[in-house]
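The values are calculated or read from the model by the stated rules, or taken from the named source; none is laboratory data. Here the structure is a predicted model, which is why all the values come from computation and not from measurement. Here the Cβ is made from the backbone with ideal geometry for all residues, glycine too, and neighbour counts use every protein chain on show.
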Amino acid sequence: MGVFLKPDTSVKLGRLELKNPVMTASGTFGYALEFEPYMDVERLGAVVLKGLSLKPRDGNPPPRSCETPCGMLNSIGLQNVGVEAFIKEKLPRLKRLKTRVVANIFGETIIEYAEVARRLDSADGVDAVEVNISCPNVKKGGLSFGSDPSGAAKVVTAVRKATKLHVMTKLSPNVTDIRVMVRAVEDAGTDSISLINTIPGMAIDVERRRAVLSTVTGGLSGPAIRPIAVRMVWEAAKAATVPIVGIGGIVNARDALEFIMAGATAVEIGTANFLDPASAIAVVHGIEEYMRKNGVRTIKEITGAVN
Amino acid sequence: MGVFLKPDTSVKLGRLELKNPVMTASGTFGYALEFEPYMDVERLGAVVLKGLSLKPRDGNPPPRSCETPCGMLNSIGLQNVGVEAFIKEKLPRLKRLKTRVVANIFGETIIEYAEVARRLDSADGVDAVEVNISCPNVKKGGLSFGSDPSGAAKVVTAVRKATKLHVMTKLSPNVTDIRVMVRAVEDAGTDSISLINTIPGMAIDVERRRAVLSTVTGGLSGPAIRPIAVRMVWEAAKAATVPIVGIGGIVNARDALEFIMAGATAVEIGTANFLDPASAIAVVHGIEEYMRKNGVRTIKEITGAVN
Amino acid sequence: MSSATIINNSRLGGRFFRLSLRWKCGGVLPGQFVMLRVSNSLDPFLRRPFGIYDFSGDVLDILYKVVGKGTGMLSTLAPGTDVDILGPLGNGFPPAGKGKNPIMVAGGIGIAPFYLFAGEVKEGKPSLFYGAKGRDEVALLKDFKSRGLKLNIRVSTEDGSIGRKGLVTDILKERLGEDSVVYACGPAGMLKEVSNIARKRGVKCYVSLERAMACGIGVCLGCAVKTRKHPPASAYRMVCSDGPVFNGEEIDWGCF
Amino acid sequence: MSSATIINNSRLGGRFFRLSLRWKCGGVLPGQFVMLRVSNSLDPFLRRPFGIYDFSGDVLDILYKVVGKGTGMLSTLAPGTDVDILGPLGNGFPPAGKGKNPIMVAGGIGIAPFYLFAGEVKEGKPSLFYGAKGRDEVALLKDFKSRGLKLNIRVSTEDGSIGRKGLVTDILKERLGEDSVVYACGPAGMLKEVSNIARKRGVKCYVSLERAMACGIGVCLGCAVKTRKHPPASAYRMVCSDGPVFNGEEIDWGCF
Ligand SMILES: Cc1cc2nc3c(=O)[nH]c(=O)nc-3n(C[C@H](O)[C@H](O)[C@H](O)COP(=O)(O)OP(=O)(O)OC[C@H]3O[C@@H](n4cnc5c(N)ncnc54)[C@H](O)[C@@H]3O)c2cc1C
Ligand SMILES: Cc1cc2nc3c(=O)[nH]c(=O)nc-3n(C[C@H](O)[C@H](O)[C@H](O)COP(=O)(O)OP(=O)(O)OC[C@H]3O[C@@H](n4cnc5c(N)ncnc54)[C@H](O)[C@@H]3O)c2cc1C
Ligand SMILES: Cc1cc2nc3c(=O)[nH]c(=O)nc-3n(C[C@H](O)[C@H](O)[C@H](O)COP(=O)(O)O)c2cc1C
Ligand SMILES: Cc1cc2nc3c(=O)[nH]c(=O)nc-3n(C[C@H](O)[C@H](O)[C@H](O)COP(=O)(O)O)c2cc1C
Ligand code: FES
Ligand code: FES
């Protein structure tokens, strides 16, 4: 049984090997460097960076976030420095990190998506792009592609052509049948699929009689949405031939294992990074502990255990 | 300002007048009589009873429910005594209640929906039927109608023909665009629309490496889903011409007011009845208190305040 | 639904605690339970069910084991704190009847409902067979011993640290008479085994079941167990309102 | 991120409390803050930010007002309890500079960050203008008075129960000199007003802002405030990492 053997936590997303299945979720981990005071970032399977667009974006007016039961709403609106500034200012330091670096990309048009991917392709230091077609907080792009199979396919096709990097497509939960979206982006050539992005939601300040967020609606994240996310990952994993990355409300190793048993090859830790900046590394340790305790030698043994 | 005047909490769902906007949600309030030890049930705006089908139904095998962060999953599967036993055993006592009685109905086929409605129409004592086309926990019927506009329209048309009672159609959140469903059931002649039913979700017991529920997936309810529900009610209210009844995660008056300000004419209290069997009545009192404190004389003054 | 004030909340050893609440109610039956909200927070979300250990007019006692978040939080509450309580709920143990000797079979924390029941046995020669993991659990017997009941107590422990080494069902098999009525509370596996032993000897057996609960009052239909009773009635019964005590023969143990 | 143990947590009057934590850190700047998790529960969900009231090597003090669930739960925690703490965070108050007289303007619980700051003023004649609703809030001044600082304290209350009746901005208007540097902490409306007064007199004004926060470390971009600084840089700044202290002139008050 080799109970004292170090379990093998490595996983493969297509040809992309990760030392363990624990990634961070875009928009909740900055550019990763901000977390160096709190953990050894290199112990993570991969870091996924804040969404990048072709031009810098200001984001939405405040208030941009609020607490909800076991979760939060945000309507950041993809504030970011733009891909060029990223390549110049952040990438040189990220390159030296001994972990996988995934750039999350976004465009208002299909051409923009492809252009961001192309620039990251020629810059050195990024291992994969995560194509965000599921952001509920922007007027153009984002969810308008993510809830329509043919729109989604067009974006993925364009990005696929623009880069030789691993292409991961991030799906929105805001669809009637996730399997339709899975098939659409698979056919368009994605290498893997991550889900879920935040769920459109809204909170009202009843004293002021107005929406809490400046944008009225925002994206719901956190443990509140985990049962929905696990269900969608389970549905997606059964429908997909490419690897699935599970996201949504993971706070600890137990939660991460739910996604893995539902069929996810890897997971991303999002909002939990706000509760405790060392959350992601705690998940890495917790998964190792679970494997040791239960005599699980490789992650594969438990991947998709529930089907 | 009449601060000491009793505020007028009455609301109208089409021609159906309720003494206040607080209803209970189907499946969480039994047949109402079970709650008499805990509150004066007649002080509620309306009671919505456990879903009824033509024939008695056994429901799903256990385990049927489990706790999730700020919510719960259930897969009861519409266990019920059937419409005939209901009319014989429950209705005589319900008739005497001085509040509105809403029967929640369900069928595996369109004909069954219509037949249940017809029988309730001829029995005396029911004020409205709530047509459940959104139950995620049954193999046939339910969500298979609720996530397809034409299926939904067919059910509503059939029920509409079968009864002169107020017809309320209960929508599922599991759709890409709720406004499409709103229009479909409006065109089919529904008198009002209630939403949301539970959201399909899933939990895994990582020690046993299997789904917690016997049915694998179930329906998520409770405060966790409230931001999603408020958003959908807001979207539906803007798209609809008939009154909207808001449901999802309401625990107290503040939560109920969120739905009213999002555009709901009335609300239903569901899972909160489990946390405290007197929850619904506390919401009635809380709304009155809010109105008094803020000089709101009629519910209409705040309905849809956020648009 | 109503509020009770903590008088005492102390560790008995290991992960076992005893909670005393000042709480008035009309009366309780042995085997009934209550549902507590351990905090005003929405996490943990649902109430937690606990058997009634003792009740005396206006003080209710509960014996509990810390197994997760809810019981963990409960164990940190100080005397003076108010907790929300719903109950008494459920049916309770039926009396053994004339000429019958009640045998209580308890596993671990399953001992809780028998303290009140043992005190109310008026006829026959009552026994308590207690199966424990080890010393910590056996400590829960102290109250039973110091109470001066005419109770034949037998203990087994899995580690053999006290009493007989093995399972409590071994004791039951040896000592089960035809004039017995069995009452059992503990893990589902034990209850099934106890129920089988009793059935084979033609002896009545009542089991107190556990299920995750939401409402506690029979309306959510979440705490179903499957019974061997068939249509026209549903095969499912609710642990909270039809139970928690069932005739062991009725239960379809496949659902655990 | 690290754990601190409660030494003391007591009510100062009304809804105001003082919390003392045993906690080691390299050092703090006046005006910085910490984020606390008030329980292990997921409800309340996020950490809560609190200004640093006092710090002395290994004891951190916080002054807080109970306004909702999180602060309510915090007020029930007993000495000995461990709480999770993240910090020190944010930038803190810049010094007034040579020949300048610092004026601290505080509203209600906004007094908290000035205790540490007042103690570190090395030059000039520092003043503290305090606007309170009534007696409960004025009690928060006690520490300032008993400390033997050369601090010119002026008080206004809305109900006139103590000090001058009216708003603290009335005091500021009268006493603001051209050699002053203003530091303000309190409700947004007050900060805006203070900032306007200072701007009209051509006096520098630093404001400590509040926003609902998620991460506290500048990564979620949720605690944005709008500034008058325009492209190429985003007009938005983060209260947690660019602030909480900002030059009042930079702020676009329309976003509050
Ligand atoms: C009718 C009834 C009477 C009970 N009487 C007692 C009693 O007298 N003393 C006592 O200590 N416990 C009793 N229990 C069990 C008690 O309710 C659970 O231990 C408690 O709800 C666990 O809550 P938690 O938040 O600490 O654990 P959780 O964090 O919810 O779960 C921790 C572990 O406990 C298991 N668990 C959760 N809920 C239950 C449950 N209802 N039954 C069994 N296992 C569960 C979970 O599967 C998990 O493995 C009773 C249960 C029922 C249904
Ligand atoms: C940098 C910073 C420093 C702070 N320093 C202190 C301090 O030293 N002492 C102190 O008592 N408070 C301080 N606060 C405010 C404190 O964080 C809030 O009062 C607290 O988070 C409220 O939590 P709650 O759960 O009790 O209230 P909730 O239940 O979350 O809300 C209750 C009410 O408080 C309001 N509220 C919630 N969060 C905030 C917030 N972050 N700022 C302002 N209002 C809010 C809500 O809108 C609501 O009206 C500070 C806030 C910030 C951003
Ligand atoms: C504050 C915030 C910002 C986010 N920004 C992005 C983003 O830029 N790109 C993206 O694809 N997803 C973004 N997300 C979504 C997360 O990556 C993740 O999909 C979602 O939050 C669900 O996971 P969680 O429940 O673990 O947070 C953001 C989420 C939050 C809370
Ligand atoms: C245990 C349970 C049983 C339910 N049964 C029904 C039902 O029979 N018919 C129906 O239309 N909805 C049913 N629902 C859905 C609720 O009526 C409600 O739409 C949903 O729970 C969301 O509201 P809440 O978050 O306030 O619970 C059920 C919900 C629960 C939790
Ligand atoms: S717990 Fe709801 S029916 Fe038993
Ligand atoms: S709270 Fe996250 S950026 Fe400030």
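The table below gives the values:
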item	result
Residue list for region D:202-223, filter: of a type in the set (A, V, I, L, M, F, W, C), within 14 Å of ligand 6 (Cβ to nearest atom) and more than 11 Å from D:Ile251 (Cα to Cα)	D:Ala212, D:Met213, D:Ala214, D:Cys215, D:Ile217, D:Val219, D:Cys220, D:Leu221, D:Cys223
Residue within region C:12-22 that is modelled with pLDDT under 95, closer than 22 Å to B:Pro223 by Cβ and part of a loop (DSSP other than H, G, I, E, B) present	no
Pairs with Cβ under 6 Å, 6+ apart, first in region D:88-103 and closer than 10 Å to D:Ser180 by Cα, second hydroxyl-bearing (Ser, Thr, Tyr)	D:Asn101/D:Ser180; D:Ile103/D:Ser127; D:Ile103/D:Ser180
Complete set of residues in region B:238-284 that are more than 12 Å from every other protein chain (Cβ to nearest Cβ), under 17 Å from the mean Cα position of the chain (by Cα) and not in a loop (DSSP other than H, G, I, E, B)	B:Ile244, B:Val245, B:Ile247, B:Ala266, B:Val267, B:Glu268, B:Ile269, B:Ala280, B:Val283, B:Val284
Some residue of region A:119-132 being away from chain B (no Cβ under 14 Å), assigned to a helix (DSSP H, G or I) and within 13 Å of ligand 3 (Cβ to nearest atom)	no
Selection count where residues are small (Gly, Ala, Ser) and surrounded by fewer than 19 Cβ atoms within 10 Å (Cβ to Cβ), scope region C:77-123	5
Hits in region A:143-159 - residues which are at pLDDT 95 or above and surrounded by fewer than 20 Cβ atoms within 10 Å (Cβ to Cβ)	A:Thr157
Among (1) away from ligand 3 (no atom under 16 Å from the Cβ); (2) modelled with pLDDT of 95 or more, the one test that D:Gly254 misses	(2)
Test: A:Glu17 is of a type outside the set (Ser, Thr, Tyr) and free of Cβ contacts under 8 Å to residues at least 24 places away in the same chain	yes
Hits in region D:29-75 - residues which are away from ligand 3 (no atom under 16 Å from the Cβ), in contact with a strand residue (DSSP E or B) (Cβ under 8 Å, 6 or more places away or on another chain) and over 18 Å from D:Thr5 (Cα atoms)	D:Leu29, D:Gly31, D:Gln32, D:Pro44, D:Lys65, D:Val66
Any hit, region A:221-237, residues being more than 22 Å from A:Gly51 (Cα to Cα), more than 10 Å from chain B (Cβ to nearest Cβ) and either more than 16 Å from ligand 1 (Cβ to nearest atom) or at pLDDT 95 or above (or both)	yes
Selection from region B:52-76 of residues that are within 11 Å of chain C (Cβ to nearest Cβ), small (Gly, Ala, Ser) and surrounded by 24 or more Cβ atoms within 10 Å (Cβ to Cβ)	B:Ser65, B:Gly71, B:Ser75
Per-region count, region B:77-103, residues within 12 Å of ligand 4 (Cβ to nearest atom) and either among the charged types (D, E, K, R) or surrounded by fewer than 16 Cβ atoms within 10 Å (Cβ to Cβ) (or both)	0
Evaluation of D:Tyr183 against (1) within 20 Å of the chain's Cα centre (by Cα); (2) within 13 Å of chain A (Cβ to nearest Cβ); (3) not in a loop (DSSP other than H, G, I, E, B) (one fails), failing number	(2)
Residue in region D:57-67 that is at pLDDT below 95 and over 19 Å from D:Cys215 (Cβ atoms) present	yes
Meets criteria (surrounded by fewer than 23 Cβ atoms within 10 Å (Cβ to Cβ), more than 28 Å from B:Thr271 (Cβ to Cβ) and not assigned by TED's automatic domain parsing to the domain that holds C:Val182) for C:Arg15	yes
All strands (runs of 3 or more DSSP E) inside region D:40-111 with 1 or more residues being away from every other protein chain (no Cβ under 13 Å)	D:48-51, D:59-65, D:101-107
All positions within region B:207-252 that are closer than 18 Å to A:Asp255 by Cβ and touching an Asp or Glu at 6+ places or on another chain (Cβ under 6 Å)	B:Val212
Selection within region C:197-224 - of a type outside the set (D, E, K, R), more than 16 Å from ligand 4 (Cβ to nearest atom) and within 26 Å of C:Leu46 (Cα to Cα)	C:Val207, C:Ser208, C:Leu209
Subset of region D:213-245 [aliphatic (A, V, I, L, M) and closer than 25 Å to A:Leu52 by Cα]	D:Met213, D:Ala214, D:Ile217, D:Val219, D:Leu221, D:Ala224, D:Val225, D:Ala233, D:Ala235, D:Met238, D:Val239
Among residues of region C:116-147, those that are assigned to a loop (DSSP other than H, G, I, E, B) and either more than 22 Å from C:Val28 (Cα to Cα) or among the hydrophobic types (A, V, I, L, M, F, W, C) (or both), counted	6
Exclusive hit being closer than 19 Å to C:Ala198 by Cα, within 17 Å of the chain's Cα centre (by Cα) and of a type outside the set (A, V, I, L, M, F, W, C), set C:Pro88, C:Pro95, C:Pro113	C:Pro95
Residues being surrounded by fewer than 23 Cβ atoms within 10 Å (Cβ to Cβ), among the hydrophobic types (A, V, I, L, M, F, W, C) and either at the interface with chain D (Cβ under 9 Å from one of its Cβ atoms) or in a loop (DSSP other than H, G, I, E, B) (or both) - total across region A:36-48	1
Enumerated strands (runs of 3 or more DSSP E) restricted to region C:195-256, each holding at least 1 residues that are in contact (Cβ under 8 Å) with a residue 24 or more places away in the chain and surrounded by fewer than 21 Cβ atoms within 10 Å (Cβ to Cβ)	C:224-226, C:245-247
Any chance A:Thr190 is at pLDDT 95 or above, of a type in the set (S, T, N, Q) and in a helix (DSSP H, G or I)	no
Cβ-Cβ under 7 Å pairs, at least 6 apart or on other chains, region D:59-83 side not assigned by TED's automatic domain parsing to the domain that holds D:Phe117, far side within 16 Å of ligand 1 (Cβ to nearest atom) and not in a strand (DSSP E or B)	D:Met73/D:Ser39
